[in-house]
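The values are calculated or read from the model by the stated rules, or taken from the named source; none is laboratory data. Predicted model only: the values in this text are computed from it and were never measured. Positions of Cβ are backbone-derived with ideal geometry, glycine not excepted, and every protein chain shown enters the neighbour counts.
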Amino acid sequence: MTSPNADRPPERRRFWKRVAITLGAGTLIIGSAAIVGTWLFINRGLTPLLERRLSTLLERELELGDLAGLSWNGVRVGPSRLNATESDPTYVTADAVEVGFAPLKLLFQRELELDLRIVGADGYLEQHPDEGWLGVDVPTFEPVEDPLIKVRMDDIDVVDSQIT
């Protein structure tokens, strides 16, 4: 019995072998680069991105700690601080901040609803006559342009905390 490749010329076999090796190596290189890029973004870029976005939504300077945990529907960062402003002495320091979101709603409806959970907070809260206790006006307006992803904050929970 003869080999099925016996009737093919050796040059043709070498060509397909080179194609297979090239495709395999390319896939390995691209996959490795994607994994490294994702790892770098999660560990170095995600916290500053959340910090900027939450500061904008809260209309206050927020300093988030280092990434402490990541799950399919949220992020946990270490010690964080919501700073006082010139017009508002309210401040909070927290042992951890958890930001939760619904990934399916993000994928299908292009809406990112953030739930903020402050754990182990210590701070001072001053009541505003017009704006209530937090004095945070969470924007509910729709922007003029249609953004790629609509971001809004639904809840702010404070647990295991001491607030004056």
Which of the residues that make up the range 107-139 are at pLDDT 75 or above, hydrophobic (A, V, I, L, M, F, W, C) and either buried (at least 16 other Cβ atoms within 10 Å of the Cβ) or within 15 Å of ILE156 (Cβ to Cβ) (or both)? LEU112, LEU114, LEU116, ILE118, VAL119, ALA121, LEU125
For the range 59-74, does any single residue satisfy the condition of being in contact (Cβ under 8 Å) with a residue 24 or more places away in the chain, within 28 Å of GLN162 (Cβ to Cβ), surrounded by 15 or more Cβ atoms within 10 Å (Cβ to Cβ) and among the basic types (Lys, Arg)? yes
What are the residue pairs meeting all of these: first residue in the range 135-164, first residue within 16 Å of ALA96 (Cα to Cα) and aliphatic (A, V, I, L, M), second residue modelled with pLDDT of 75 or more and assigned to a loop (DSSP other than H, G, I, E, B), Cβ atoms under 7 Å, and 6 or more apart or on different chains? ILE163/LEU125
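Yes/no matrix, rows are residues, columns are (1) under 19 Å from VAL151 (Cα atoms); (2) within 11 Å of the chain's Cα centre (by Cα); (3) aliphatic (A, V, I, L, M):
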position	(1), (2), (3)
LEU49	yes, yes, yes
GLY78	no, no, no
LEU82	no, no, yes
GLU111	yes, no, no
Hey, ASP88 hits all of (1) in contact with a helix residue (DSSP H, G or I) (Cβ under 8 Å, 6 or more places away or on another chain); (2) assigned to a loop (DSSP other than H, G, I, E, B) but one; which does it fall short on? (1)
